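This report refers to the structure that appears directly beneath it.
The values are calculated or read from the model by the stated rules, or taken from the named source; none is laboratory data. Note that the structure is predicted; figures quoted are calculated from it, not measured. Here the Cβ is made from the backbone with ideal geometry for all residues, glycine too, and neighbour counts use every protein chain on show.
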Amino acid sequence: MSLEDPFFVVRGEVQKAVNTARGLYQRWSELLQEDAAVGREELDWTTNELRNGLRSIEWDLEDLEETIGIVEANPGKFKLPAGDLQERKVFVERMREAVQDMKDHMVSPAAIAFMERNNREMLTGKPAAQKPSRDLLDASMASTASRYIEEQQATQQLILDQQDQQLEMVSGSIRVLKHMSGRVGEELDE
């Protein structure tokens, strides 16, 4: 239980990330309660930040579970009291439950219905309950729809660019592996 124990460093980061996620989750929940159409940018930003934060926390929790497993497999090497090990397991489980609660609410039918309704309202410029008249669905709707399409195209282009970068990295790794396997083959032939 020294101050240099990496568990405590990661634990602090996880606790901070969970607190940040709770703040985002609270704002996200408030946005779902608002009657008027919520600003698309704020809802999208909050939703994406919350999803990314929760995903990152899950990865950190997996790392913590892995380290706990290593300590359990080698108790003599780490000399950690059983109570400390149990405390670490409880912390990981508590954080995992907090993350799962937020994720469950984000994919609940009510939340999905709200987001779909809000998207519809943003595209048409009218609440879903009202029937838009032909007179009002002119430049405003076309402009909103056009902006939405541009945003989607920009997002798709960003994804394609990221995939291209990843493919380049994979290609480089394959070249290195090919070179290494050639060298291994040459050494085996000798």
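Structural remarks
- Cβ-Cβ under 7 Å pairs, at least 6 apart or on other chains, segment 66-94 side in the same structural domain as Q15 (by TED's automatic domain parsing), far side of a type in the set (K, R) and in a helix (DSSP H, G or I): I68/R88; I68/K89; F91/R11
- For segment 95-109, residues that are in contact (Cβ under 8 Å) with a residue 60 or more places away in the chain and either closer than 19 Å to E42 by Cβ or of a type in the set (K, R) (or both) total 3.
- Positions within segment 67-100 being of a type in the set (K, R) and at pLDDT 90 or above, in sequence order: R88, K89, R94, R96
- Those helices (runs of 4 or more DSSP H) of segment 1-112 in which 2 or more residues are surrounded by 11 or more Cβ atoms within 10 Å (Cβ to Cβ) and within 17 Å of the chain's Cα centre (by Cα) occupy 6-33, 40-73, 82-106.
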